[in-house]
Amino acid sequence: MLLIAFLGYKDLIVTPMALLLVSLFIFYFKKFVPEKELKPLFLRALFAKIFSAIILGLVYQFYYGGGDTSTYFMDGTVLYESFFDSKLVWLKLVFGPMVKSADTFIYTNKIYHYGDSQSYFVVRTTGLLNMFTFNTYSSTAILFAVFSFNGIWHMFLVFRDLYPKLEEKLGYACFFLPSLCFWGSGILKDSLLVGGIGWAFYGFYNLFFAHKRILKSILLLLMASLILFNVKPFVLVALFPPLLIWYIFIKIRTVKSNFGRTIYGPIIFGILFVLGFTFLSYFSKNTMFDITKADEVTQNIKVTKDYLLNVAKMQNGSAYDIGDMDGTVLNALSLAPSAIWVTFFRPYLWESRNVNMLLAAMESSYFLIFTIYTIFKVGFGKAIKIIWKDSFLLFCFSYSMFYGFIVGLSSANFGTLVRYKIPILPFYLCGIIIVYSQRKIKKKEFMI
């Protein structure tokens, strides 16, 4: 029995029209993909995202009977309907502060996510996009997928710019990982996060390293920061330190002499560290991950982990427990190896309880096998040296490990974990691919 029916006859009428318009848009703007050899990948990857967005909606309606994506859409429908009653009220609901007032109460009282600023940002986005899709779920989901794809495409362009000989392998790692393709599409926070991370990564690279497309990079970096901060501030907090590490190591390694690196290295590191800490303190303030209050952060993680674990057990879900937490920083750090392991390499195949979990287990098994194979072929010591010598790899793995540590520690069930970890999967997998193939690549001069 369906709990929430959010797909209807309008989807059968409007969605084909939306697909036609998107197709025309794609074929027109394909000219902005200058390299001829990239155009087939561009089309395959985009249509894979669109297909995934539609399938995600069907799975949520006919398998789950509702869920996050349906409540986001239904809340967005309330915003859509408010437009025809009062344009001013619609503007307040979509762009105004989240404060109840007499003229908006009739609508906010119907919105499930009203009061949760992060979830309501997705509702605002949905309500805005619904104006262009005649309030049809599938068409709005397609627009979410296009945004997510755009971010991943910009991410891929950076990988390709740095390692052009690995273009095909890196392309598959960015676009065709099943969990990234599926959960990173549709009307979900994850689609906005993935797209925002791709924009931020691209903007940072072009602004501070490649020194090209400066205006575009600034705009993308600002918009990405706005999206990430509103949807999940932790992602912004987790992404910035690894980017800073990348920049610091590049700057230090541009100093030619060993004496100069010894003198200027600590100075550069100290200045950038202070600037970075100030930035993170501002953006993490009053959030669950306020870096100025480490003990409160670990306590919040403990509370989240315990809650999700209890819910999973009560619902006979796919719970996992990596160990007891007492809410202290040292205790959390002691669980880091287990947390990172569960993020990248679990669930195991025998832990699967349904089809979705089996697919996730197959993907995590692939990550485990490929990681072990790379270490075996390259050698553990040599792999560490390769990573240490390549500042970009330091970024990839420091970001993946830190983010993986937090989500592995706090998720407590595989259903949540599969979604939470998708922002780091392309960085980790691309990092492993680069390590394995490093001997065959002539790196760009500024990366040495």
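Quick notes
- Separation of region 356-434 and region 160-184, taken as the distance between their Cα centroids, equals 14 angstrom.
- Among the listed pairs Lys189/Lys421; Lys232/Lys421; Lys165/Lys377; Lys165/Lys216, those whose Cα-Cα separation exceeds 18 Å are Lys165/Lys377; Lys165/Lys216.
- Three-way shape call for region 1-231 based on the alpha-carbon gyration tensor, with the a/c threshold at 1.5: prolate
- In this structure the amide hydrogen of Asn413, modeled in the peptide plane, comes within under 5 Å of the amide hydrogens of Tyr320, none closer than 5 places in sequence on its chain.
- Trypsin sites (Lys or Arg not before Pro) restricted to DSSP loop in region 41-130 with at most 16 other C-beta within 10 Å: Lys100, Lys110
- Within the shell defined by Cβ-Cβ distances under 13 Å, the residues around Met98 carry a net charge of +1, with Lys and Arg each +1 and Asp and Glu each -1.
All of the numbers you see were taken from the coordinates with simple rules; none came from a lab. In this text the structure is predicted, and so the values were computed from the model without any measurement. No Cβ is skipped: glycine too gets one built from the backbone with ideal geometry, and neighbour counts run over all protein chains shown.
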